[in-house]
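Read the structure below first, then the notes.
What follows is calculated from the coordinates using simple rules that are stated; it is not laboratory data. Since the structure is predicted, the reported quantities are computational estimates derived from the model, not experimental observations. All Cβ positions, even for glycine, are placed from backbone atoms using ideal geometry, and neighbour counts span all protein chains on display.
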Amino acid sequence: MLISISQVLDADQRELLSGMLDALVWKDGAETAGRVAAQVKRNQRADLNQSIGPKVEQILFGAISAHPVLRAAAQPHKFSSVLISKTTTGGGYGLHVDNPFMGDGEQSLRTDLSFTLFLSRPETYEGGELLVEHAGQTQSMKPNAGDLVLYPSSSLHQVAEVTSGERLVCVGWIESRARRVEDRETLFDLINLKAELAGRLDDQSPEMLTLSKVIANLKRRF
Ligand code: NI
């Protein structure tokens, strides 16, 4: 399942962040890629331990990890820390697959889902599409600032070369309670169906109670 979630950052958060992003300290992105990925990675990564980094990280992580649609689709068990990546003219990130595991010790997680939250307005840069190979097709995404694309970490994906301007994104990974993509999709459908029916049926109706039971029991099976 590949979904785009609009406005994970609202206008106020985008406004607040736009001033802060200029104050970030940057380092070469290839340092943060695995050995194979480093050969195709041409971008910079913000050092979130320096300057205004921790505050920026807190705003982004807070908005992403609490978002109800993302939570329904991903069934998160663990989130990685987020990173902010900047790609300027001539940069990009060639076709690759993300590392299956990230972090150490308590922070360690299996990457089931990857996300990219777009921070730059699409009209401010040329190129820089996120291209994900999914269900036998290549999906090309360049959404509005504040929108997030969620896709299986098992997909081959790339960032098209930026031919002008500057592309800023926030990326991260999720270990899901539901390891299998089919299970996540079924659960997401049921949760959406329940939200849809909630406007028409009483919470205590037999239909809603059965649906709640199915959702709870399906979660227990993972
Ligand atoms: Ni990647």
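Figures for the structure shown
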| read-out | value |
| --- | --- |
| Condition met for LEU168 (more than 25 Å from the chain's Cα centre (by Cα) and surrounded by 17 or more Cβ atoms within 10 Å (Cβ to Cβ)) | no |
| Options ARG121, ARG167: the member that is away from the ligand (no atom under 16 Å from the Cβ) and either closer than 25 Å to SER6 by Cβ or aromatic (Phe, Trp, Tyr) (or both) | ARG121 |
